[in-house]
1. Among the listed residues Glu196, Glu150, Glu178, Glu108, identify the single one that is of a type in the set (D, E, K, R) and under 17 Å from the mean Cα position of the chain (by Cα).
2. If the requirement is being free of Cβ contacts under 8 Å to residues at least 40 places away in the same chain and closer than 27 Å to Thr237 by Cα, which of these qualifies: Leu141, Leu190?
3. Against the condition over 22 Å from Leu229 (Cβ atoms) and either among the small types (Gly, Ala, Ser) or under 15 Å from the mean Cα position of the chain (by Cα) (or both), how does Tyr82 come out, does it pass?
4. Any idea which of Thr237, Thr247, Thr231 is of a type in the set (Ser, Thr, Tyr), crowded, with 22+ Cβ neighbours inside 10 Å and either assigned by TED's automatic domain parsing to the domain that holds Leu282 or without any contact (Cβ under 8 Å) to a residue 60 or more places away in the chain (or both)?
5. Going by the conditions given, is Phe87 closer than 22 Å to Leu21 by Cα, at pLDDT below 95 and touching a strand residue (DSSP E or B) at 6+ places or on another chain (Cβ under 7 Å)?
6. State all residues of the range 260-292 that are more than 18 Å from Lys236 (Cα to Cα) and among the basic types (Lys, Arg); if no residue qualifies, say none.
7. Mind telling me which of the residues Asp208, Asp259 ends up being surrounded by fewer than 18 Cβ atoms within 10 Å (Cβ to Cβ), at pLDDT 95 or above and farther than 30 Å from Pro333 by Cα?
8. Do we have Gly222 as out of contact with any helix residue (DSSP H, G or I) (no Cβ under 9 Å at 6 or more places or on another chain) and either in contact (Cβ under 8 Å) with a residue 12 or more places away in the chain or assigned to a helix (DSSP H, G or I) (or both) here?
Amino acid sequence: MAKIDAFFKLMNEYHASDLHLLTGSPPILRIHGELQRVKYKTFEENELKAMLYEIITEQQIKQFEESGDLDFAYEVPGLARYRANYFQHKEGIGAAFREIPSKIKTIEELSLPQVLKSFALLPKGFVLVTGPTGSGKSTTLAAIIDYANEKRKARIITIEDPIEFVHPHKNCVISHREVGTHTKSFASALRSALREDPDIILVGEIRDIETARLAMEAAATGHLVFSTLHTIGATKTVERIMEMFPTDEQNLTRSLLADVLRGVISQTLFKRVDKPGRVAALEIMVATYGVRNLIRENKTHQLPSLIQTGKKYGMQTLDDAIMELLSKGWIEPEDAYLNAIDKSKFKPFLKKMPRDFTEV
């Protein structure tokens, strides 16, 4: 057993989502969104380096020492998988680990809207799950893919950097591919995937114009494609996709996106106050004919009104989702106010000034 595994067992014991190991600091856990120091000695550079190097290969050590950064996945059998990042900082070496639970939570267990099941059963199209880093995008996507795995007989290919949730073969045949290990890039893996008889393709992240274009083209050729973006809100997501392309390509891209888009799920994560844990508030845009028409005509500023009136299709605004969590007593009024779009709706619930004075 590697020496570092003891810290992963500690993470599991305290239900921590992240572990931070830094030269010049004791270990730090993120528990339900808050950082807490572990009662342990301060790490010296050589001690921490030896512990971190124990779980990576000679090739990874060389890559890290040349670039100063390294991303990979690590697994403790019987415990969990971890998304890892090594980096150099002023004091020396550092590392951050995000736990990827071995058990994939269902849509019900995550208290997610039932319309997500409909996305999993689509025959084709492009579905985006968006939100800031650490908002639970991977967890939501895993729940959607798991539902498809149970209810469909399909070929699923995941392309990630690194591989996070590992799906067992249920009714579907699943291949997990890792960028840098099994393929050169998201774009090259997408090109290859189209020759591997896929029904569903999961692209871990849209990072560049080439990946965005290939993902939409894959959806246009009859595949169901899921991916993520670091955007907040359905409207911003559509605009971000368009901004990735040169001006002279935007009309053609807008038409392609309007044809293939089937939904945008944009989520914000909140700390629960009724019990330990966190819960996501989701803005959901279902790409109805009206939604796709607005995208095609470059009238994205009108999308929020369609989301507001599209409840019968499973749509909901972020503010409505936040209000529902607040009315259930699951989240703090202050957190609701800080993350809301129309903050005036949440002012009556405030008992004190918000932490961010710029939001007042």
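The values are calculated or read from the model by the stated rules, or taken from the named source; none is laboratory data. The structure presented is a predicted model; accordingly, all values stated were derived computationally and were not measured. Note that each Cβ is placed from the backbone with ideal geometry, even for glycine, and that neighbours are counted across all protein chains shown.
1. Numbers: Glu196 fails: under 17 Å from the mean Cα position of the chain (by Cα); Glu150 fails: under 17 Å from the mean Cα position of the chain (by Cα); Glu108 fails: under 17 Å from the mean Cα position of the chain (by Cα).
Residue meeting the stated conditions: Glu178.
2. Numbers: Leu141 fails: free of Cβ contacts under 8 Å to residues at least 40 places away in the same chain.
Result: Leu190 is the single residue among Leu141, Leu190 that is free of Cβ contacts under 8 Å to residues at least 40 places away in the same chain and closer than 27 Å to Thr237 by Cα.
3. Numbers: over 22 Å from Leu229 (Cβ atoms): yes; either among the small types (Gly, Ala, Ser) or under 15 Å from the mean Cα position of the chain (by Cα) (or both): yes.
The answer is yes for Tyr82.
4. On the way: Thr247 fails: crowded, with 22+ Cβ neighbours inside 10 Å; Thr231 fails: crowded, with 22+ Cβ neighbours inside 10 Å.
So the residue among Thr237, Thr247, Thr231 that is of a type in the set (Ser, Thr, Tyr), crowded, with 22+ Cβ neighbours inside 10 Å and either assigned by TED's automatic domain parsing to the domain that holds Leu282 or without any contact (Cβ under 8 Å) to a residue 60 or more places away in the chain (or both) is Thr237.
5. On the way: closer than 22 Å to Leu21 by Cα: yes; at pLDDT below 95: no; touching a strand residue (DSSP E or B) at 6+ places or on another chain (Cβ under 7 Å): yes.
No; evaluated as a whole, the condition is false for this residue.
6. Lys271, Arg272, Lys275, Arg278
7. Values: Asp208 fails: at pLDDT 95 or above.
Selected residue: Asp259, the only one of Asp208, Asp259 that is surrounded by fewer than 18 Cβ atoms within 10 Å (Cβ to Cβ), at pLDDT 95 or above and farther than 30 Å from Pro333 by Cα.
8. Details: out of contact with any helix residue (DSSP H, G or I) (no Cβ under 9 Å at 6 or more places or on another chain): yes; either in contact (Cβ under 8 Å) with a residue 12 or more places away in the chain or assigned to a helix (DSSP H, G or I) (or both): yes.
It is true that Gly222 is out of contact with any helix residue (DSSP H, G or I) (no Cβ under 9 Å at 6 or more places or on another chain) and either in contact (Cβ under 8 Å) with a residue 12 or more places away in the chain or assigned to a helix (DSSP H, G or I) (or both).
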